[in-house]
Amino acid sequence: SAGEVERKLGAAAIASVPRLKASDYRTLAPGARHPAGFLVEKPMSGFAEAFRILRTSIAHARVDNPVRVVAVTSALPDEGKTTVSLCLARIAAMSGQKVLLVDCDLRLQSIASVLDASPEHGLLDVLMGNVGWRNAISEDEETSAHLLMGPPAKFTPLDLFSSQAMANLIGDLRNSYDLIILDCAPVLSVADTRTAAARADLVIMVVRAEKTPSAASRTAIRELRKADAEVHG
């Protein structure tokens with residue numbers, strides 16, 4: 001429950017996303033049988049409402065300095081962070097915001113897998129100076145959200161997210177989008193997630209009900225805060 005999250009993790013419970021069943025996808029087209037596809041097809045569902053609540057929480061997080069960059073991560077793999085990132089991007093785009101979703105999990109590039117896409121260039125190419133970010137952007141076919149995703153990287157420079165190139169990119173994106181979502185790798189699996197998350201205004205931690213060990217989530221939150229990342233909840 002939300003109370004257990006706050007008591008065990010020492011962080012605010014800002015949204016609770018319902019679990020979807022296989023039967024929920026029955027009426028969807030084969031290519032849309034995933035949570036982000038369900039959200040588009042069932043915009044008045046409790047599932048979609050959970051992401052409107054999350055978006056509202058982010059929008060109201062700061063009064064004087066609006067949140068423009070949000071990092072989404074988890075303690076461990078398979079907790080749902082890519083689902084949350086993609087659904088948040090879609091609900092924000094459906095609400096009229098100009099949104100960019102950036103896949104920062106360079107080893108997996110899960111967003112392209114979910115959408116069955118084969119992008120030629122991704123974040124690594126942009127940061128290495130091989131392509132401009134505008135030329136690496138694609139558009140979500142179901143909404144107006146923009147996507148920066150790519151093929152899995154064969155290698156990742158250790159200082160990639162702390163580089164001046166990353167700082168410059170985030171600065172450019174702030175001038176072009178209302179909301180930038182960074183889908184980051186799990187904190188306890190990939191060391192540079194802490195650095196990537198610290199580039200954001202706020203960090204959202206995804207915790208999978210009845211699966212994620214509370215000790216792992218507590219450790220991840222502690223590590224993010226040590227890296228000066230602001231954990232929103």
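The values are calculated or read from the model by the stated rules, or taken from the named source; none is laboratory data. Bear in mind that the values here come from a model prediction, so they are computed numbers and not experimental data. Because the Cβ atoms are built from the backbone with ideal geometry, glycine has one as well, and the counts that use them run over all protein chains shown. These accessible areas exclude ligands, DNA and RNA; they are computed on the full protein's heavy atoms, side chains included. Shrake-Rupley method; radii C 1.70, N 1.55, O 1.52, S 1.80 Å.
Accessible surface computed residue by residue for the chain, with neighbouring protein chains in place and a 1.4 Å probe, gives 48 Å² per residue. The loop-placed trypsin sites (Lys or Arg not before Pro) in the stretch 136-204, going by DSSP, that have at most 12 neighbouring Cβ atoms within 10 Å of their Cβ come out as Lys154.
Split the accessible area of the chain by element, probe 1.4 Å, and carbon with sulfur accounts for 49%.
Using a Gaussian network model of the chain in which every pair of alpha carbons under 10 angstrom is joined by a spring, one finds that among Ala13, Ala48, Ala75 the greatest mean-square fluctuation is at Ala13. In the chain, helical runs assigned H by DSSP with n ≥ 4 each contribute -39500 (n - 2.57); averaged across all residues and rounded to the nearest 500, the mean residue ellipticity at 222 nm is -10500 deg cm²/dmol.
Local charge for Asp172 was computed over the other residues whose Cβ lies under 15 Å away, with Lys and Arg +1 and Asp and Glu -1, and equals +4.
Can you tell me what share of the DSSP beta bridges in the chain is antiparallel? A percent to the nearest 5 is fine. DSSP beta bridges in the chain are roughly 10 percent antiparallel.
Between the amide H of Val231 and those of Val203, distances stay under 5 Å, these residues lying 5 or more places away or on another chain, with hydrogens modeled in the peptide plane.
In this label model, Ser163 and Gln97 are separated by 2.8 nm, measuring between points 7 Å along each Cα→Cβ vector. Three principal axis extents of the stretch 1-113 based on alpha-carbon atoms, in descending order, are 42, 34, 33 Å. Measuring r between the beta carbons of Ser118 and Asp228 and using R0 = 25 Å, the FRET efficiency lands at 0.10. Neighbours of His232 by Cβ distance under 11 Å: Lys/Arg scored +1, Asp/Glu scored -1, total -1. When Rg/Rh (Cα atoms, Kirkwood Rh) is computed from the coordinates, the matching label among [x] 0.93; [y] 1.12; [z] 1.05 is [x].
In the chain, excluding the sites themselves, the longest stretch lacking any of the GluC sites (Glu not before Pro) that are in a DSSP loop with at most 13 other Cβ atoms within 10 Å is 1-119.
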